[in-house]
Amino acid sequence: PLCLGWALRPAAAATATNILLLLMDDMGWGDLGAFGEPSKETPNLDQMAAEGMLFLDFYTASPLCSPSRAALLTGRLPVRNGFYTTNGHARNAYTPQDIVGGIPDSELLLPELLKKAGYTNKIIGKWHLGHRAQFHPLKHGFDEWFGSPNCHFGPYDNRERPNIPVYRDWEMVGRYYEDFKIDLKTGEANLTQLYLQEALDFISKQQASQQPFFLYWAIDATHAPVYASKQFLGTSQRGLYGDAVREIDDSVGKILKHLQQLGISENTFVFFTSDNGAALISAPKQGGSNGPFLCGKQTTFEGGMREPAIAWWPGHIPAGGVSHQLGSVMDLFSTSLSLAGLQPPSDRQIDGIDLLPVILQGKLIDRPIFYYRGNELMAVRAGLYKAHYWTWSNSWEEHSKGIDFCPGQSVAGVTTHTQEEHTCLPLLFHLGRDPGEKYPLSFASEEYQQAMERISGLVQQHRDTLVPGQPQLNVCDQAVMNWSPPGCEKLGKCLKAPESDPKKCSWPH
């Protein structure tokens, strides 16, 4: 049944469907009006949901940025594609500027495969899959890029620690806080407007050339430090974070309208989601809302991994649809291949499923959701039941310093500051009755026994076939801190801005 979608399409589509994936950064399940946000400040996204399909049970593959992005583009769990660490049990890992790993050449990314069907591929925004030369997005299937290898952290001193670069394809065109201004006092930055215009221009160019396209719009305005352009500052009831959401909403509305005006909306599949839950450590001023769910980013509770998700494809997706399909960002890989008339790679385990039978025919596909943190399987969802094999929000040491991933949400025996193992008797929740994961089922109940019998079988099957990839995020070495690409200045020490012209440094091919 998982392969049903492949049979629905011919080997090669007569008119290939354009694919537009809108990936937000740290946006929570509860940030959109369509998901119940009380200020109702996302009219365009709410309209997108009204015209398309809302996914209420859609998950990321990791509670952090980098691994979830690697999972989206490979269709594989981070523990398979290498985007995890074995340093410190159940620790999350990501790619800050001094980590030397990245997406392995052995992984097949979605844009690489779409090229076989004649697609032109562009990434706009945050790459986050490695910043050394071999990890450049144009080496992994993308034809164009405008954005950065990392998030907009900073500003730094630009000597020992240069500000993070922004690229157009292979050429570095400037740095955050210098050429691309971000005012930390007011939150003003026009980056979202730049990313919007890049998207509109690319779509126009592809429509004119009659080339099918894949556009991966991976913007980061809702990742702290949050920013918005001047015309949106001060316009939300939710403060600066709400201003950023309002600008994103406006931008998505303009992109969808552009597709309609060009007459290609019925030939363009659009999917909106986020890379992980809202960062409650930054809330409320710099972080979003995870609605009724427990905790947020960095945790494997629902608030860390359940995402807002909307599918839009006029003329194909029935308007006003609501799906309870258990979905994953990894499904966007398989679904996109199906849209292009392509088969998934057969030489590796693909965790994503084709959602087209769900989206077009209202079917429900039975599949589990695996919640990983680093290299540890923390929890599993099957149907409405979720079993926690490990619980851990963050350490007492971090918590004592004010780092809290579950502010105001302490649940005794559930939100723990030590790594608590429950492999013998997992904590089990019924997410229909208890979406906030506050009331574990009684171990002695018949309901517990029946649900755990099924989940235990799924876990055993998963572990029997799991072949972990080479961990990419173990080595953190400031001596190879490529804040700019190698070649600007030789490696072997912290990279400094080249003396010639730091704005004219190209990433070596």
Item to complete: Taking only the range 398-412 into account, find how many residues are open to solvent by less than 50 Å² (accessible area, probe 1.4 Å) and at positive phi.
Response: 0
Discussion item. Contact list please: Cβ distance under 6 Å, first residue in the range 417-430 and free of Cβ contacts under 8 Å to residues at least 60 places away in the same chain, second residue buried (at least 17 other Cβ atoms within 10 Å of the Cβ) and assigned to a loop (DSSP other than H, G, I, E, B), pairs at least six apart or on different chains.
Written reply: 422/389; 423/389; 426/389; 427/440; 428/441; 429/437
Worksheet entry | Filter result for residue 87 (in contact with a helix residue (DSSP H, G or I) (Cβ under 9 Å, 6 or more places away or on another chain), closer than 30 Å to residue 417 by Cβ and open to solvent by 20 Å² or more (accessible area, probe 1.4 Å)) | no
Worksheet item: Which pairs do you get when a residue that is within 18 Å of residue 322 (Cα to Cα), found in the range 357-373, comes within reach of a residue that is modelled with pLDDT under 95 and open to solvent by less than 30 Å² (accessible area, probe 1.4 Å), reach meaning Cβ atoms under 8 angstrom, with the pair 6+ apart or on two chains?
Response: 357/5
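Count, please, the residues in the range 196-235 that happen to be in a loop (DSSP other than H, G, I, E, B) and either outside the structural domain of residue 23 (by the TED database) or open to solvent by less than 20 Å² (accessible area, probe 1.4 Å) (or both).
To start, the set of residues in the range 196-235 that are in a loop (DSSP other than H, G, I, E, B) comprises 210-212, 219-227, 229, 233-235.
Narrowing further to those that are either outside the structural domain of residue 23 (by the TED database) or open to solvent by less than 20 Å² (accessible area, probe 1.4 Å) (or both): 219-223, 226-227, 229.
Of the residues in that region, 8 qualify.
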Worksheet item: Is it the case that the range 41-51 has a residue that's more than 30 Å from residue 315 (Cβ to Cβ) and of a type in the set (A, V, I, L, M)?
Response: no
Practice prompt. Go through the range 156-178 and count every residue that is touching a residue at least 60 places away in the same chain (Cβ under 8 Å) and open to solvent by less than 60 Å² (accessible area, probe 1.4 Å).
Written response: 11
Item to complete: Evaluate the following for residue 418: is it farther than 17 Å from residue 293 by Cα and assigned to a helix (DSSP H, G or I)?
Response: no
Item to complete: Output the residues belonging to the range 50-72 that are touching a helix residue (DSSP H, G or I) at 6+ places or on another chain (Cβ under 6 Å), under 24 Å from residue 436 (Cα atoms) and either assigned to a helix (DSSP H, G or I) or of a type in the set (Phe, Trp, Tyr) (or both).
Response: 59
Discussion item. Looking for something open to solvent by 10 Å² or more (accessible area, probe 1.4 Å), in a strand (DSSP E or B) and not small (Gly, Ala, Ser) - is there at least one such residue anywhere in the range 114-121?
Written reply: yes
Practice prompt. Name every residue in the range 368-389 that is over 20 Å from the mean Cα position of the chain (by Cα) and open to solvent by less than 20 Å² (accessible area, probe 1.4 Å), in order of residue number.
Written response: 382, 386, 387, 388, 389
Worksheet item: Do we find that residue 449 is open to solvent by 30 Å² or more (accessible area, probe 1.4 Å), modelled with pLDDT of 95 or more and closer than 20 Å to residue 367 by Cβ in this structure?
Response: no
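So if I check each of 280, 342, 326, which one is farther than 22 Å from residue 52 by Cβ, under 18 Å from the mean Cα position of the chain (by Cα) and either surrounded by fewer than 19 Cβ atoms within 10 Å (Cβ to Cβ) or at pLDDT 95 or above (or both)? Quick ask: steps written out before the conclusion?
Numbers: 342 fails: under 18 Å from the mean Cα position of the chain (by Cα); 326 fails: farther than 22 Å from residue 52 by Cβ.
The match here is 280.
The values are calculated or read from the model by the stated rules, or taken from the named source; none is laboratory data. If you're wondering where the values come from, they're calculated on a predicted model, not measured in any experiment. Neighbour counts run over all protein chains shown; Cβ positions are idealised from the backbone, glycine included. Quick note on the areas: whole protein, heavy atoms, side chains included, nothing else; ligands and nucleic acids left out. Shrake-Rupley method; radii C 1.70, N 1.55, O 1.52, S 1.80 Å.
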